[in-house]
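Colleague: The structure is given below, and queries will be raised subsequently.
The values are calculated or read from the model by the stated rules, or taken from the named source; none is laboratory data. The shown structure was predicted, so the numbers you read here are calculated from the model rather than taken from an experiment. We place every Cβ from the backbone using ideal geometry, glycine too, and count neighbours over all the protein chains shown. All accessible areas refer to the heavy atoms of the entire protein, side chains included, with ligands and DNA or RNA removed. Shrake-Rupley method; radii C 1.70, N 1.55, O 1.52, S 1.80 Å.
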Amino acid sequence: MKHHILQGAGLALRPALLAPLKSRAPDNLQFLELTPPDWIGIGGTAGKDLQQLTQHYPGVCLSQSLSLGGPGVLDKAVLRDLRSFIVEHSIQVFSEALAWSADDAPLFINLPIPSTRQAVQWTVSRITQVQEALGLRIGIRNVMHHMAPTLVEMNEAEFISEVVSASGCSLHLDLHALAANGLHFGFDPHAFLRALPLSSIDYVRVGREYPLLGDVLARTHRRVARCVDDVKQLNLEALTC
């Protein structure tokens with residue numbers, strides 16, 4: 001199963017950034033994060049520019065299309081599209097939302113997976129199917145929720161740890177989502193971090209949550225790769241990567 005280690009500072013690539021990056025890419029840019037719906041099927045000049053960038057920089061696929069914890073069967077068409085996208089752009093790291101977002105039809109929202117042992121087994125089996133279909137070890141990503149599941153046998157951090165341990169997948173940590181959930185549901189995000197398998201992190205989405213990033217760096221004792229949303233913030237991140 002393919003797996004790569006990211007390094008340094010990365011940038012979430014949006015179509016509006018293609019022209020600026022083509023003109024002058026920051027010297028400290030070390031990887032690109034791509035959201036498939038923004039790019040799958042793109043052609044013309046934009047498609048060529050994207051191809052040039054992904055030939056030069058390692059790529060991350062930021063997906064939330066698989067409804068990883070959902071009750072329905074995995075969408076084979078989506079998996080085929082993702083596999084083609086991964087091959088076309090030499091994607092090195094694949095990140096999927098740890099949530100469910102479809103049953104018989106798309107729900108257009110990330111819903112939390114009930115934190116039960118049965119749900120751990122179900123989610124692990126889904127991860128195995130996705131990894132086999134994509135030919136790539138995947139990472140699971142914490143996401144913002146707007147509701148709390150009613151059936152729980154453990155908290156979300158424990159659930160994430162169980163899934164990572166049982167599946168052998170990696171962890172993609174979104175600090176902004178963690179901070180937002182902590183505020184909304186009244187839990188301590190620092191305590192949440194202490195319960196996570198931080199040694200399994202692929203990379204971190206930083207946002208402005210620098211105290212949480214400090215916790216991550218202190219506990220991992222390594223320069224964890226991190227991704228930001230704008231070029232100005234990229235310059236700051238490069239100083240501490």
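Colleague: Can you give the charge dipole size of the chain about its Cα centre, rounded to the nearest 20 debye, using +1 on the beta carbon of Lys and Arg and -1 on the beta carbon of Asp and Glu?
Modeller: Dipole about the Cα centre, nearest 20: 600 debye.
Colleague: What accessible area per residue comes out for the range 59-211, rounded to a whole number of Å², with a 1.4 Å probe?
Modeller: Details: 6840 Å² over 153 residues.
Ligands and nucleic acids excluded, the result is 45 Å² per residue.
Colleague: Separation between the ASP230 and ASP38 pseudo-spin-labels, each 7 Å from Cα along Cα→Cβ, expressed in nm?
Modeller: Placing both labels 7 Å beyond Cα along the Cβ direction yields 1.5 nm.
Colleague: Report the residue, chosen from LEU183, LEU213, LEU198, that carries the largest GNM mean-square fluctuation when the chain is represented by alpha-carbon nodes joined by springs under 10 Å.
Modeller: LEU183
Colleague: Between SER90 and ALA195, what is the label-to-label distance in nm when each label sits 7 Å out along the Cα-to-Cβ direction?
Modeller: Distance between label points: 4.1 nm.
Colleague: Can you compute the helix-only [θ] at 222 nm over the chain? Use -39500 (n - 2.57) per DSSP H run of at least 4 residues, normalise by all residues, nearest 500 deg cm²/dmol.
Modeller: Details: 10 runs with 104 residues, N = 241.
Only helices count here, giving -13000 deg cm²/dmol.
Colleague: If I stretch the segment between ASP188 and LEU74 completely, what's the gain in nm (0.36 nm per residue apart, minus their alpha carbon distance), one decimal? Could the numbers behind the result be given before it?
Modeller: Details: separation 114, 0.36 × 114 = 41.04 nm, distance 3.36 nm.
Between ASP188 and LEU74, full extension yields an extra 37.7 nm.
Colleague: How big, on average over all directions, is the shadow cast by the Cα convex hull of the range 1-84, in nm²? Mind dumping the intermediate values first?
Modeller: Details: hull surface 26.8 nm².
Quarter of the Cα hull surface area: 6.7 nm².
Colleague: Work through the residues other than SER65 whose Cβ is under 10 Å from its Cβ and net out their charges, Lys, Arg +1 and Asp, Glu -1. Walk me through the intermediate numbers first.
Modeller: Working: positive: none; negative: ASP75, ASP81, GLU96.
Taking every other residue near SER65 into account, the sum is -3.
Colleague: Further question: Can you list, bin by bin at 5 Å, the percent of alpha carbon pairs in the chain, starting at 0?
Modeller: Values per bin, smallest distances first: 1, 6, 14, 18, 20, 17, 13, 7, 3, 1, 0.
Colleague: Further question: How much of the accessible area of the chain, in percent, comes from carbon and sulfur atoms when a 1.4 Å probe is used? Before the final figure, lay out each step's value.
Modeller: Numbers: 6260 of 11660 Å².
Carbon and sulfur: 54 percent of the exposed surface of the chain.
Colleague: Expressed in nm to one decimal, what extension gain is obtained for the pair THR116 and MET147 from 0.36 nm per residue of sequence separation less their Cα-Cα distance?
Modeller: Details: separation 31, 0.36 × 31 = 11.16 nm, distance 1.63 nm.
Once the chain is fully extended between THR116 and MET147, it gains 9.5 nm.
Colleague: Give the residues of the range 72-100 whose amide nitrogen is closer than 14 Å to a point set 7 Å from the Cα of GLN55 in the direction of its Cβ.
Modeller: Those under the cut-off are 88-90.
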